1. For an R0 of 30 angstrom, estimate the FRET efficiency from the Cβ-Cβ distance between Ile267 and Tyr127 and round to the nearest 0.05.
2. In the full protein assembly as shown, how much of Cys287 is accessible to a 1.4 Å probe, in Å² to the nearest 10?
3. Of His135, His261, which has the most accessible area with a 1.4 Å probe, and how do the rest follow in descending order?
4. If you rank Asp153, Asp186 by how much accessible surface each has, with a 1.4 Å probe, what is the order from largest down?
5. Take region 223-286, drop everything but the C-alpha atoms, weight them equally and run the Debye formula without solvent; then report log10 I(q)/I(0) at 0.12, 0.14, 0.30 Å⁻¹ to two decimals.
6. Taking all protein chains as present, what is the carbon and sulfur share of the accessible area of region 83-222, in % to the nearest whole number, probe 1.4 Å?
7. So, in nm, how far is label Asp277 from label Lys154 when the simple model puts each one 7 Å beyond its Cα toward the Cβ?
8. Under the 0.36 nm per residue contour assumption, what length would be gained going from the current alpha-carbon distance of Arg203 and Lys221 to full extension?
Amino acid sequence: MRSISSAMRSLLLSASAPSSSPAFLPRSTALRPLLSLPFRPDLSRPRPFAPPARSLSKTAPPAAAARARIDERVSGMEVQAANSGEIHIIVGPMFAGKTTALLRRVQAEAGTGRTVALIKSDKDNRYGLDSVVTHDGTKMACWALPELSTFQDKLGRDAYDKVDVIGIDEAQFFDDLHDFCSKAADHDGKIVVVAGLDGDYKRNKFGSVLDIIPLANSVTKLTARCELCDRRASFTLRKTQETRTELIGGANVYMPVCRQHYLDGQIVIEATRIVMDIERSTEVARC
Ligand SMILES: Nc1ncnc2c1ncn2[C@@H]1O[C@H](COP(=O)(O)OP(=O)(O)O)[C@@H](O)[C@H]1O
Ligand SMILES: Cc1cn([C@H]2C[C@H](O)[C@@H](COP(=O)(O)O)O2)c(=O)[nH]c1=O
Ligand SMILES: [Zn+2]
């Protein structure tokens, strides 16, 4: 049981609740990102979706007819590439197993011979910048980026074209999440797996994660275990007084809670804030 302020503990632990711990995802093993695949037809210049070229009349000269047939096949392949794109979103509170599920999916795709690449926000420096790390310590090498739009340049155009699956962790920190996912899946035919917080500590939408739901093939909301009653936790409570939305941290700052303990927690935090304000004004009056 993590330590929490005594005021919060006494007020929150008064609630009695049935315990029902959710099933947790199995641990996954670390894996280097794979960037090599058997040769694939080079679609390095995917063009916007173009309907197949019209078949030429019988009278067209042989060279023009051959070119038309090649154009038709290439545009068909581009349509196939774009049609093979997917977006899968994994959300939930902190400690829900989002990163664990992301690594498991990406590793499974790599196991089928697909080329995978993993990205996280360079704002998340909790466990180092060169890996995505779960709260259990499972890790996988990744690209830590300030924006998703820099990925293709970082990787290089040829390498990017060879990537089949792109994993994104801490998606709430990427302002260009929507545009990147749309291009990667709709235009470049990638399978994109996105893990991130749906809500911040105030339960407001966090970043652009909810904005890509209309683009998605699947959306999964995971739950953690409420730190105060062991019921399913769908929300993240911030244990400190900071009020800025982006505040990097782990169990020292946050804990997953159920609805009842989230709401109780808000009361305790507000009461604590009022008490601290009174103490501060009393001290000022003494001076
Ligand atoms: N209160 C909690 N509820 C669920 N899992 C927890 C809790 N506290 C710690 N954990 C651990 O955190 C792991 C999930 O870590 P991770 O996949 O990084 O979660 P997320 O990415 O959703 O923050 C679980 O497998 C579990 O071992
Ligand atoms: C609720 C909340 C979280 N954060 C930060 C805290 C962590 O660094 C990440 C989430 O990590 P996880 O992989 O989901 O465990 O986001 C924040 O900045 N603001 C918030 O409101
Ligand atoms: Zn609870």
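The values are calculated or read from the model by the stated rules, or taken from the named source; none is laboratory data. Remember, predicted model here, so these are calculated numbers, not experimental data. All Cβ positions, glycine included, derive from the backbone under ideal geometry; neighbour counts span all protein chains shown. Quick note on the areas: whole protein, heavy atoms, side chains included, nothing else; ligands and nucleic acids left out. Shrake-Rupley method; radii C 1.70, N 1.55, O 1.52, S 1.80 Å.
1. 0.35
2. Cys287 exposes around 140 Å² with every protein chain in place.
3. So the residues, ranked largest to smallest area, are His135, His261.
4. Putting Asp153, Asp186 in descending order of accessible area: Asp153, Asp186.
5. Debye curve over Cα of region 223-286, log10 I(q)/I(0) at q = 0.12, 0.14, 0.30 Å⁻¹: -0.38, -0.49, -1.22.
6. Here carbon and sulfur together make up 47 percent of the probe-accessible area.
7. Here the modelled spin labels are 4.2 nm apart.
8. 5.1 nm
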